[in-house]
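Working notes, beginning with the structure itself.
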Amino acid sequence: MIIDKNGNISVITQEKASPIELVKKIQALYPKFKHDNIIVSLTALAPISTEEIAEFIEISNLHKASKHSFVLVSNKVDLDTLPDQLDVVPTLQEAYDIIEMEDIERDLGF
């Protein structure tokens, strides 16, 4: 797991472990970046199932409840079959765009 901090955004990149192992690592290290917007890049992993992506729902909901963005990046999953609670995009640039839009919404009080 690689963590890059860019302003108020932490980008977590996973290269080897399974998504389930990654969720456990994120939960263990959560205090380190709980005040940042989080992007989790899963693009280096093999194709990911909807069930594996769903493992991120709990931590995503927790993070969003604290008024921060949580976005997954994967181009190896069928976006139409994913749970609505998760923001999943195919590219890192789209993840940054989602965070920018959500920051604007929060600033406007939505």
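The values are calculated or read from the model by the stated rules, or taken from the named source; none is laboratory data. It should be emphasised that the depicted structure is a prediction, and the values quoted were computed from it without experimental measurement. Cβ: placed from backbone, ideal geometry, glycine included. Neighbour counts: every protein chain shown.
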Per-region count, segment 60-82, residues touching a Phe, Trp or Tyr at 6+ places or on another chain (Cβ under 9 Å) and under 19 Å from I20 (Cα atoms): 7
Residue satisfying all of: in segment 59-96; over 13 Å from the mean Cα position of the chain (by Cα) and charged (D, E, K, R); farthest from K25 (Cα to Cα) among these: D80
Selection from segment 1-56 of residues that are of a type outside the set (A, V, I, L, M, F, W, C), under 26 Å from R106 (Cβ atoms) and loosely packed, with under 15 Cβ neighbours inside 10 Å: D4, K5, N6, G7, N8, Q27, Y30, P31, K32, K34, H35
Qualifying positions in segment 64-97 - among the polar types (S, T, N, Q), farther than 23 Å from D36 by Cβ and not in a helix (DSSP H, G or I): N75
Identity of the residue in segment 41-58, under 14 Å from the mean Cα position of the chain (by Cα) and of a type outside the set (A, V, I, L, M, F, W, C), that ends up nearest to E100 (Cα to Cα): S41
Residue within segment 68-78 that is in contact with a His (Cβ under 8 Å, 6 or more places away or on another chain) and not polar (S, T, N, Q) present: yes
Residue that is modelled with the lowest pLDDT, among those in segment 1-40 that are assigned to a helix (DSSP H, G or I) and more than 24 Å from E102 (Cα to Cα): P19
Selection from segment 88-108 of residues that are surrounded by 12 or more Cβ atoms within 10 Å (Cβ to Cβ) and without any contact (Cβ under 8 Å) to a residue 24 or more places away in the chain: V89, P90, T91, E94, D97, E100
